[in-house]
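Read through the structure below, which is laid out as structure tokens, and then see the notes.
The values are calculated or read from the model by the stated rules, or taken from the named source; none is laboratory data. Here the structure is a predicted model, which is why all the values come from computation and not from measurement. Glycine also receives a Cβ, built like all others from the backbone with ideal geometry; neighbour counts cover every protein chain displayed.
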Amino acid sequence: MGYFHIMEKRHFFRLSCEEKDVGAQEISAQIDLCIKCGINLIHIDSHHHFHNEWCILGILLAVAWDKGLRYIRLARHLDPHSTYFKNFYRRFLNFRLIFN
């Protein structure tokens with residue numbers, strides 16, 4: 001099991017097929033390790049809300065479905081200091097989560 005290495009302020013709207021495959025393998029390995037360690041997973045969350053990145057969420061949704069996990073933490077969108085674009089993005093992301 002490896003680690004996701006990301007640069008600060010980088011956003012993931014498009015990933016190559018190879019990056020998607022590696023991401024799916026890593027997410028799957030981390031979920032498997034949690035289960036192996038006896039953690040009863042009832043939902044998925046991520047460090048620093050990494051799952052709120054558009055392409056990462058797509059990968060996570062597919063892996064979670066395969067693993068039988070049906071709940072993923074919604075994006076926070078109640079920050080009064082956030083820009084209109086950020087709040088819109090979070091609402092759209094939550095819509096994607098709720099209906100998938």
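Annotations
- Number of residues in the stretch 65-95 that are charged (D, E, K, R) and under 22 Å from residue 31 (Cα atoms) equals 4.
- Residue that is modelled with the lowest pLDDT, among those in the stretch 12-22 that are loosely packed, with under 13 Cβ neighbours inside 10 Å and of a type outside the set (A, V, I, L, M, F, W, C): 14
- Residue 59 in contact with a Gly (Cβ under 8 Å, 6 or more places away or on another chain) and closer than 26 Å to residue 16 by Cα: yes
Each row is one residue, and each column tells you yes or no for (1) outside any helix (DSSP H, G or I); (2) buried (at least 17 other Cβ atoms within 10 Å of the Cβ).
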position	(1), (2)
24	no, no
27	no, yes
32	no, no
35	no, no
38	yes, no
41	yes, no
51	no, yes
60	no, yes
63	no, yes
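- Selection count, the stretch 65-77, where residues are in a helix (DSSP H, G or I) and exposed (fewer than 15 other Cβ atoms within 10 Å of the Cβ): 2
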